[in-house]
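K.L.:
I'd like to ask you about the structure that follows.
The values are calculated or read from the model by the stated rules, or taken from the named source; none is laboratory data. Bear in mind that the values here come from a model prediction, so they are computed numbers and not experimental data. Every residue, glycine as well, gets a Cβ built from its backbone with ideal geometry; the counts of neighbours run over all protein chains shown. We work out accessible area using only protein heavy atoms, side chains counted, and drop any ligands, DNA or RNA first. Shrake-Rupley method; radii C 1.70, N 1.55, O 1.52, S 1.80 Å.
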Amino acid sequence: SHPLLCPPGIKCGGVLSAPSGNFSSPNFPGLYPYETECTWLIVVAEGSSVLLSFSHFELEYHDTCAYDYLQVYNGAARDRGNLLGTFCGHRPPPPFSSAWHVMAVVFRSDRHVAKHGFAAAYRKDACGGQLTGLSGEITSPRYPESYPNDAECRWSIGGARGGGPLTLVFADFQMEGGQGCGFDYVALFDGPTVTAPHLGRYCGSARPPRTISSTPHLLIIFKSDFNIGGRGFKAHFYSAGECQEVFTTIKGNFSSPQYPNFYPNNLKCQWSIQLPPGYRVKVFFLDMELEGRSSLTGGCDYDHLSAFDGGTENGSLLGRWCGRESLAPITSRSSRLLLVLHTDRNTAKRGFSISYVGVVPMNVSCTRTDFHIQIPVQSLAQLERNRIYLGTPSCAAQVVGRNFKIHTRFDTCGTESQRRNNTSVIVSTLYIDFSVGDQEDIHQYEVQCEPKRKEASVTLIAGPDPSRLSQAENLVDAQQWEGEATDAREIKSQDTSDIVFISICILAGLLMVIAVVGLVLL
């Protein structure tokens, strides 16, 4: 709770619980006092909403309302995820209908320039109303008790700043049934009026399917006849503009709604990354701040971000996060990954920023003298072979059957010898150039060989943002793909290189023996 900062003797703020009422700034219609802060909490019966309107409005003007202002919240005050708007100047706020039975209004003045303030009225809207938030909840009258007979309610959702298409999800649904839903029903329209395209008409006890509008407006009509009722329904809605996205490009980035400003409450957002077969998805968490863990369970019970392998919530859970954490990258085991953000009714935070890159499926092997690299053509079908090269563009891939192949000796293609962990290794960089026009987009993989053991590895070293990729991940073990079997010539070349290497060693040994014997005889 926050104290109501008012000069002594000035009535300011409070809890308004009557079905309807009026309130105004201190001293209205006179000038409001300086350095005043008032909070009105409007609470009506659950299952209803609050309809708020302003008959007079005059506050000190500032282009960002930094001096004197009035804020309207879709729920308890001070939770920025519920903020419907901040207002000042002479233009009154529009009428607001809350998304549930609580609404808060905060008025604040600074130490300079007083105006006449505002006068507002509210009433309990038994059902229906204009809902302008990015998210919210609606219920039938008296829910979860049985709804009344002969009721008709209309909820017109939309018009939020930055709002996109709307998603409506029913959490509970029980109404009188009947063929054609002619008695009690819920009807959905893809727009603000009944002349908009019809999205569905539902009754009975089966929950309606998730509905997504094609416009930023959605009309919901609830109607009951003269007898036989039911528990009614409970549903929540959210704007899908920044909240439901599908990515099919090899790399990309996205963030929570309104990032870096506070995300809305009562959301369920999904980002689906769908790459070609054989790819895996590597996700980098550039920034994350969500509501923290539960003090009771220690778990992410409130707002949380989850990642699922395979592209659906039925897939294996790769992680579930909340709070403010610095997270290591994660990599899917398939070519699809789903990220889901859940937010509850209160305590919003800054949210998150994420980038991802598709890890190209490849097979890297080595002998004591050569690198062998294979990439399925179908994984890079849009690229010419000269866009894939090792070290320098002159060492471009060849197309052999259904694979891009690079077969090169260690003394070419920009390879160099290094010592890592007291072991000699041969290192080079594989470049895959996805650039289009002036947009440079080159992915880099470090390929490494330990010649003594003939063991190769490949690591993504530059994808979405090279400065962020300090925690590169070894990719060899998990790479599964159906490529062509290595042909006999390659196996033969590997065997031949081994024989040559052994022969040189034997010859060097014999020369040393001869030299030692010669010295002794002399």
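K.L.:
Based on what the data block shows, is ASP303 at pLDDT 90 or above and either of a type outside the set (S, T, N, Q) or open to solvent by less than 10 Å² (accessible area, probe 1.4 Å) (or both)?
P.N.:
yes
K.L.:
Working only within the stretch 224-237, note down all residues that are within 13 Å of GLN174 (Cα to Cα), open to solvent by less than 10 Å² (accessible area, probe 1.4 Å) and assigned to a strand (DSSP E or B).
P.N.:
GLY232, PHE233, ALA235
K.L.:
Select, from PRO264, PRO260, PRO276, the only residue that is open to solvent by 60 Å² or more (accessible area, probe 1.4 Å), of a type outside the set (Val, Ile, Thr) and not assigned by the TED database to the domain that holds PHE434.
P.N.:
So the residue among PRO264, PRO260, PRO276 that is open to solvent by 60 Å² or more (accessible area, probe 1.4 Å), of a type outside the set (Val, Ile, Thr) and not assigned by the TED database to the domain that holds PHE434 is PRO260.
K.L.:
Hey, can you tell me all the residues within the stretch 173-196 that are over 17 Å from SER224 (Cα atoms) and part of a strand (DSSP E or B)?
P.N.:
If the condition is that a residue be over 17 Å from SER224 (Cα atoms) and part of a strand (DSSP E or B), then PHE189 is the only one that fits.
K.L.:
Of all residues being of a type outside the set (Ser, Thr, Tyr) and under 20 Å from ILE157 (Cα atoms) in the stretch 55-79, which is modelled with the highest pLDDT? Just the residue, please.
P.N.:
That would be VAL72.
K.L.:
Next up: Given the conditions (1) surrounded by 19 or more Cβ atoms within 10 Å (Cβ to Cβ); (2) outside any loop (DSSP other than H, G, I, E, B), report the number of the one that GLU291 does not fulfil.
P.N.:
For GLU291, the exception is condition (2).
K.L.:
Can you tell me how many residues in the stretch 241-288 are part of a loop (DSSP other than H, G, I, E, B), farther than 30 Å from PRO376 by Cβ and among the small types (Gly, Ala, Ser)?
P.N.:
Of the residues in that region, 2 qualify.
K.L.:
Still on this structure, I have one more. Among (1) farther than 23 Å from THR215 by Cβ; (2) assigned by the TED database to the domain that holds ILE42, where does SER98 come up short?
P.N.:
(1)
K.L.:
Ok, one more. Check ALA206 against each of (1) in a loop (DSSP other than H, G, I, E, B); (2) of a type in the set (A, V, I, L, M); (3) within 30 Å of PHE262 (Cβ to Cβ) and name the one condition it does not meet.
P.N.:
(3)
K.L.:
For the stretch 315-332, state whether one or more residues are of a type in the set (D, E, K, R) and farther than 26 Å from GLN258 by Cβ.
P.N.:
no
K.L.:
Could I ask something else about it? Determine whether PHE284 is touching a residue at least 60 places away in the same chain (Cβ under 8 Å) and either surrounded by 19 or more Cβ atoms within 10 Å (Cβ to Cβ) or acidic (Asp, Glu) (or both).
P.N.:
yes
K.L.:
Take the residues in the stretch 431-455 that are in contact with a His (Cβ under 9 Å, 6 or more places away or on another chain), at pLDDT 90 or above and not hydroxyl-bearing (Ser, Thr, Tyr), then tell me which one is nearest to LYS405 (Cα to Cα).
P.N.:
For the stretch 431-455, the residue satisfying everything is ILE432.
Table: residues versus (1) surrounded by fewer than 19 Cβ atoms within 10 Å (Cβ to Cβ); (2) aromatic (Phe, Trp, Tyr); (3) over 29 Å from the mean Cα position of the chain (by Cα).
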| site | (1), (2), (3) |
| --- | --- |
| GLY158 | no, no, no |
| GLY177 | yes, no, yes |
| THR195 | yes, no, yes |
| ARG207 | yes, no, no |
| PRO216 | no, no, no |
| PHE222 | no, yes, yes |
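K.L.:
Would it be correct to say that SER334 is within 23 Å of GLN274 (Cα to Cα) and part of a loop (DSSP other than H, G, I, E, B)?
P.N.:
yes
K.L.:
To continue, here is another question. Filter the stretch 30-51 down to the residues that are touching a strand residue (DSSP E or B) at 6+ places or on another chain (Cβ under 6 Å) and either at pLDDT below 90 or among the basic types (Lys, Arg) (or both) and list them by number.
P.N.:
VAL44, GLY47, SER48, SER49, VAL50, LEU51
K.L.:
While we're looking at this one, here's another question. Working carefully through the options LEU219, LEU296, find the one that is more than 30 Å from ASP441 (Cα to Cα) and outside any strand (DSSP E or B).
P.N.:
Going through LEU219, LEU296 in turn, just one is more than 30 Å from ASP441 (Cα to Cα) and outside any strand (DSSP E or B): LEU296.
K.L.:
Of all residues in the stretch 72-86, count the ones that are surrounded by fewer than 22 Cβ atoms within 10 Å (Cβ to Cβ) and outside any loop (DSSP other than H, G, I, E, B).
P.N.:
Final tally of qualifying residues: 3.
K.L.:
Can you name the residue in the stretch 126-137 that is open to solvent by less than 20 Å² (accessible area, probe 1.4 Å) and farther than 18 Å from THR193 by Cβ and, of all such residues, is modelled with the lowest pLDDT?
P.N.:
Filtering the stretch 126-137 for residues that are open to solvent by less than 20 Å² (accessible area, probe 1.4 Å) and farther than 18 Å from THR193 by Cβ, the one modelled with the lowest pLDDT comes out as GLY133.
K.L.:
Another question, then. Does ILE426 satisfy being of a type outside the set (Phe, Trp, Tyr), buried (at least 20 other Cβ atoms within 10 Å of the Cβ) and within 27 Å of LEU275 (Cβ to Cβ)?
P.N.:
No; evaluated as a whole, the condition is false for this residue.
K.L.:
Looking only at the stretch 87-101, which residues are open to solvent by 30 Å² or more (accessible area, probe 1.4 Å) and either in contact with a Cys (Cβ under 9 Å, 6 or more places away or on another chain) or under 19 Å from LEU51 (Cβ atoms) (or both)?
P.N.:
Scanning the stretch 87-101 gives PHE87, PRO92, PRO94, PRO95, HIS101.
K.L.:
Within the stretch 380-412, track down each residue that is modelled with pLDDT under 90 and surrounded by 20 or more Cβ atoms within 10 Å (Cβ to Cβ).
P.N.:
Matches in the stretch 380-412: LEU380 only.
K.L.:
Looking for something surrounded by 18 or more Cβ atoms within 10 Å (Cβ to Cβ), in contact with a Lys or Arg (Cβ under 7 Å, 6 or more places away or on another chain) and among the hydroxyl-bearing types (Ser, Thr, Tyr) - is there at least one such residue anywhere in the stretch 47-63?
P.N.:
yes
K.L.:
Then there's this: When you scan the stretch 350-367, do you find a residue that is within 30 Å of PRO260 (Cα to Cα) and part of a loop (DSSP other than H, G, I, E, B), even just one?
P.N.:
Yes.
K.L.:
Which residues, taken from the stretch 321-379, are free of Cβ contacts under 8 Å to residues at least 60 places away in the same chain and either assigned by the TED database to the domain that holds THR429 or open to solvent by less than 20 Å² (accessible area, probe 1.4 Å) (or both)?
P.N.:
CYS322, GLY323, SER332, ILE375, VAL377, listed by residue number.
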